1. What do you get for the angle between helix 258-277 and the principal long axis of the chain? Use alpha-carbon atoms, 0 to 90 degrees, nearest ten.
2. Where a Cα-Cα gap under 21 Å defines reach, which lysines qualify for K248, not counting those fewer than 8 residues away within the same chain?
3. Kindly express, to the nearest 10 degrees and within the range 0 to 90, the angle between helix 149-163's C-alpha long axis and the longest C-alpha principal axis of the chain.
4. Based on the alpha-carbon gyration tensor of the stretch 207-351, what equivalent-ellipsoid semi-axes (square roots of 5 times the eigenvalues) come out, in whole Å, largest first?
5. For the chain, what does -39500 (n - 2.57) per DSSP helix run (n ≥ 4), summed and divided by total residues, give at 222 nm, in deg cm²/dmol to the nearest 500?
6. At most 13 other C-beta atoms within 10 Å and a DSSP loop state: those are the exposed trypsin sites (Lys or Arg not before Pro) I care about. Give me the longest piece of the chain that has none.
7. Run through the DSSP bridge list for the chain and note the antiparallel percent, rounded to the nearest 5.
8. Based only on Cα atoms, what mean projected area does the convex hull of the chain have, in nm²?
Amino acid sequence: MNTAQFIPKSTTSNIKEATFTWKTPSNIALVKYWGKSNSQIPKNTSISFTLNNCHTITSVKFSKIDTVATVNFDLFFEGKPKEEFTPKIAEFFKRIANYCPYIFDYKMVIDSENSFPHSSGIASSASGLSAIAMCLMSLEKELYPEITSDFINKKASFLARLGSGSASRSIEGPLVVWGNHKDIPESSDLYGVRFPFKIHTIFKNYQDAILLVDKGEKQVSSTVGHNLMHQHPYASNRFLQANQNISKITKILSEGDIKAFVNLVESEALTLHAMMLMSNPYFILMKPNTLEIINKIWEYRAQHNSNVCFTLDAGANVHVLFPESEKKAIHKFIDSELAVFCQHKQYILDEVGLGAESL
Ligand code: PMV
């Protein structure tokens, strides 16, 4: 592990004012990260599809000031000051300060908006933090013109990870692996890397429809959830299983074994929820409609010889995954049979994307 590579040397560059805007995506894990040690070092490797339509757009305006002791920033969300997000972002800046000492030389005005509805149960920390990380790296590139785009992506992922683990997987696409793994060259606990192998055509442009079953506040914060894995009776087996699933999915993605994909992805989703069912305190994050949807998907798959499947985050919403070739049929299925189980019949049609974009 080498965090020193991310500490910049002093610079003589003098940038007085600059504004950068980045659009960064959300992601959905196929093999889940659940359990960590300090500073978001994952207990197992995870892999995710980068999404395309669910994203955050963030601008950061940097204006040079006399060096300050506490990071100086204003935060606007959808054009309005957003006090309740300030502590989380202040904590993020505290965690990355050692790696971005130049933030003390600037007043930062952060303007952010999400493409998906706020409080939709879709985690905005991954796209939100990766967007700020990319804006910081744009400033760093001005201050240190010699840094490469590979370094920029790695460090942005490293910084985002310090804010929220899964955010490390929201810089690149279409598939990102985070966590050191014997089968994935260059993989690291410190940052996400693009899946380095061939991806079978069946997994190109993969579709994800996010069914908004419950838009309420998260019942378990990620921090509490990850901590529950410390005393969990099944934790060590789970970490082992996840790492074995990374080996399996690596082969599946390259060979196009979609039946095996369906089985592994659904098993991962249910295992994540099983971990919560078996922790103490225990939680049930699925809602009755989550189960209705899962059963409908299973029924549909059997009846239509389909490859549609589901995955879940740490909440009640259902991500419906399917190959592009089934797009028309599954949209019809969702509209006629699944939307009734969503709050206000709301769902978001998304697909796999390629990662952060400078605007
Ligand atoms: O990034 P965090 O600390 O919010 O953890 C999120 C973990 C899951 O979304 C439940 C799974 C994953 O790998 O994204």
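1. Here the helix axis deviates by roughly 70 degrees.
2. Partners found: K32, K43, K182, K198, K204, K259.
3. Helix 149-163 and the main axis of the chain meet at about 80 degrees.
4. Working: eigenvalues 137, 88, 25 Å².
Gyration-tensor ellipsoid for the stretch 207-351: 26, 21, 11 Å.
5. Taking each H run of at least 4 residues, the total per residue is -10500 deg cm²/dmol.
6. 17-181
7. Within the chain, antiparallel bridges account for around 90 percent of the total.
8. On the way: hull surface 70.4 nm².
Taking the Cα atoms of the chain, their convex hull projects to 17.6 nm² on average.
Read-outs: derived from the displayed coordinates by stated rules, not from any lab. From a predicted model like this one, the values you see are computed outputs, not experimental measurements. With ideal geometry, Cβ positions are generated from the backbone for all residues, glycine too; neighbour counts draw on all protein chains shown.
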